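The structure appears right after this line, and notes come after that.
We did not get these values from a lab; they are worked out from the coordinates using the rules stated. On a predicted model such as this, the values are computed, not experimentally measured, just so you know. Glycine gets a Cβ as well: all are built from the backbone with ideal geometry, and neighbour counts include every protein chain shown.
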Amino acid sequence: PCLYLQWELHLLRLRAECGEKIRVVGPEAVASYEATHPLPELVTLGEQKLYQVLYDDDGVSDGAVSFTDPEIVEHWTSFIRELFIQGEDLAPFFTRKIAAMPPPVGNCREPVRAHHR
């Protein structure tokens, strides 16, 4: 089977090589926040706009909800900033955990099961 996360980390490594600041946090960093339900998938645009990505029951992207309320945006951008500080730069993580793995195989286009939020 295709290991989606492994494939995604290859893409993120290329983005980091192009200058994007990417860090990795392990499950232990978010476990306490996911005790009752998974964290939402979020996309930020500066500190003025936030999107929550939505998925259908098959795990296929189904749009997003836009947030502009300053309190909501600040809450989540602060949370993301804290995780970023705790994280490890992608390059050493990739070298240590991903580089030696065989390439992912299978159909990476199959939908990834999303957790319901």
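Numbers below:
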quantity	calculated
Theoretical gain in end-to-end length, Leu83 to Asp57 [0.36 nm per residue, Cα-Cα removed]	6.5 nm
Radius 14 Å from Cβ of Pro70, net charge of other residues (Lys, Arg +1; Asp, Glu -1)	-3
Options (1) 1.07; (2) 1.16; (3) 0.99 - which one matches Cα Rg over 2.2 N^0.38 Å as calculated here	(2)
Relative contact order of region 4-98, defined on C-alpha pairs under 8 angstrom at six or more residues apart (%)	34 percent
Anisotropy class of region 6-72 from Cα gyration tensor, a/c 1.5 cut	rounded
Using a Förster distance of 25 Å, the FRET efficiency for Leu11-Thr68 (Cβ separation, nearest 0.05)	0.30
Gyration tensor verdict on region 34-90 (Cα atoms; rounded if a/c is under 1.5, prolate if a/b is larger than b/c, oblate otherwise)	oblate
Net charge of neighbours whose Cβ lies under 15 Å from the Cβ of Arg13, counting Lys and Arg as +1 and Asp and Glu as -1	0
Candidates Pro38, Pro27, Pro104, ranked by Gaussian network fluctuation over the chain, Cα under 10 Å, top entry	Pro27
